[in-house]
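The next block holds one structure in the form of structure tokens; read it before the comments.
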Amino acid sequence: MPIYAYRCESCGHAKDVLQKMSDPVLSTCPACGAESFKKQLTAAGFQLKGSGWYVTDFRGGNTTGAPAESPEKAASTSTDTAAPAATPAAPASTTTPSSGGSSAAST
């Protein structure tokens, strides 16, 4: 049975009520007796269990969505293809022009 949240618009009294879906909606506030007891819109509280859900199947580090390769297959593919040769980085310039922002002129 679901739990429904009710709140009185007159006095502000709030109450959670366990009732069947087929039960009539409550309208009388139990605190003040006014006919302004309204059902509140709340988020559903449920948990997905079992396989086939994001939490159970894709929470790991595999972000591509493809199944992970077996270690034997990964080892065979890494030895079949040669890695491209790394190119050496260009040497950095060691001399930088100094900008002597001040002039030696005096007044």
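The values are calculated or read from the model by the stated rules, or taken from the named source; none is laboratory data. Source: prediction; values computed, not measured. Reconstructed Cβ throughout: ideal geometry from the backbone, glycine too, with neighbour counts over all protein chains shown.
Quick check on the range 35-54: of everything there that is part of a loop (DSSP other than H, G, I, E, B) and surrounded by 10 or more Cβ atoms within 10 Å (Cβ to Cβ), which residue is nearest to the chain's Cα centre (by Cα)? Selected residue: 53. What number of residues in the range 1-15 are under 17 Å from residue 46 (Cα atoms) and at pLDDT 90 or above? Of the residues in the range 1-15, 2 are under 17 Å from residue 46 (Cα atoms) and at pLDDT 90 or above. Scanning the range 1-31 for residues that are outside any loop (DSSP other than H, G, I, E, B) and of a type in the set (Val, Ile, Thr), we see that the one that is surrounded by the fewest Cβ atoms within 10 Å (Cβ to Cβ) is 3. Scanning the range 20-34 for residues that are under 36 Å from the mean Cα position of the chain (by Cα) and among the charged types (D, E, K, R) yields a single hit, 20.
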